[in-house]
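Reading through the structure tokens given below for one structure.
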Amino acid sequence: MVSDTIISRFTGPLPASAAADRTILGGPLYPSAEVLELLKAGESAIRVWTRKCTADMQKLALDPDDLVELIGQAVSAGRFIGAEWCRQNPFGPWAACDAYSLIRQERMAAACRDMPMEYYLKFAIGKTGKILLLVSCHLS
């Protein structure tokens with residue numbers, strides 16, 4: 001059974017089909033001040049919402065504190081890319097998400113120097129307004 005449940009605070013008309021455009025015009029949907037306020041609670045405010053995001057976090061060796069830092073930097077100094085509808089899985093609930101790109105310098109041990117790394121992050125604030133659902137967190 002396909003779900004039409006929306007678990008993000010932002011609601012609106014869902015895409016007509018899986019192949020339809022998922023873009024949400026306008027945005028960001030979630031003001032940076034509100035996201036930063038949520039992040040003050042630390043890792044307890046973040047839920048990794050998709051399996052792919054969990055796998056990407058493991059691949060990048062990111063811990064919950066890293067996520068708090070990355071999301072905070074993204075909304076403060078990153079570039080807003082756009083907003084779109086995302087699904088947890090092909091039959092799961094929907095969330096209206098903001099996507100950001102963040103470039104930051106990181107130490108690369110193999111190269112013995114700092115290098116720019118570009119992250120792509122996509123998240124939504126949950127319906128209750130108390131948690132942030134992380135949909136994507138990977139290198140661009």
Exactly one of I131, I103, I125 is farther than 19 Å from A33 by Cβ and of a type in the set (A, V, I, L, M, F, W, C), and that residue is I103
In region 34-86, how many are free of Cβ contacts under 8 Å to residues at least 12 places away in the same chain and within 25 Å of R22 (Cα to Cα)?
2
State yes or no: is D56 farther than 24 Å from A74 by Cα and modelled with pLDDT under 95?
no
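Applying the selection to region 88-122, what residues are assigned to a strand (DSSP E or B), in contact (Cβ under 8 Å) with a residue 60 or more places away in the chain and either farther than 13 Å from F10 by Cβ or not aliphatic (A, V, I, L, M) (or both)?
Residues satisfying the conditions are W94, C97, D98.
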Can you tell me which residues in region 24-59 are under 17 Å from W94 (Cβ atoms), more than 14 Å from the chain's Cα centre (by Cα) and open to solvent by 80 Å² or more (accessible area, probe 1.4 Å)?
L25
Looking at region 121-132, is at least one residue out of contact with any Gly (no Cβ under 6 Å at 6 or more places or on another chain) and over 16 Å from Y30 (Cβ atoms)?
no
Can you tell me which residue within region 7-23, out of those that are touching a residue at least 12 places away in the same chain (Cβ under 8 Å) and over 16 Å from the mean Cα position of the chain (by Cα), is nearest to A74 (Cα to Cα)?
T11
Those residues that are touching a Leu at 6+ places or on another chain (Cβ under 7 Å) and either surrounded by 20 or more Cβ atoms within 10 Å (Cβ to Cβ) or of a type in the set (F, W, Y) (or both), I need them from region 71-85; list them, please.
I71, A74, V75, G78, A83, W85
So P64 fits all but one of (1) over 22 Å from G129 (Cα atoms); (2) touching an Asp or Glu at 6+ places or on another chain (Cβ under 7 Å); (3) at pLDDT below 95; what number is the exception?
(1)
Suppose the filter is assigned to a strand (DSSP E or B), closer than 16 Å to L29 by Cβ and not polar (S, T, N, Q); does A74 pass it?
no
Report, by residue number, each residue of region 1-23 that is in a strand (DSSP E or B), open to solvent by less than 70 Å² (accessible area, probe 1.4 Å) and either closer than 20 Å to F80 by Cβ or of a type in the set (G, A, S) (or both).
S8
Restricting attention to region 109-119, does a residue exist that is within 11 Å of the chain's Cα centre (by Cα) and surrounded by 11 or more Cβ atoms within 10 Å (Cβ to Cβ)?
yes
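The values are calculated or read from the model by the stated rules, or taken from the named source; none is laboratory data. Note that the coordinates shown come from a computational prediction; the quantities given were computed from them, not determined experimentally. Backbone-built Cβ (ideal geometry, glycine too); neighbour counts: all protein chains shown. When the accessible area is computed, the model is the full protein with side chains, heavy atoms only, and any ligands, DNA or RNA have been set aside. Shrake-Rupley method; radii C 1.70, N 1.55, O 1.52, S 1.80 Å.
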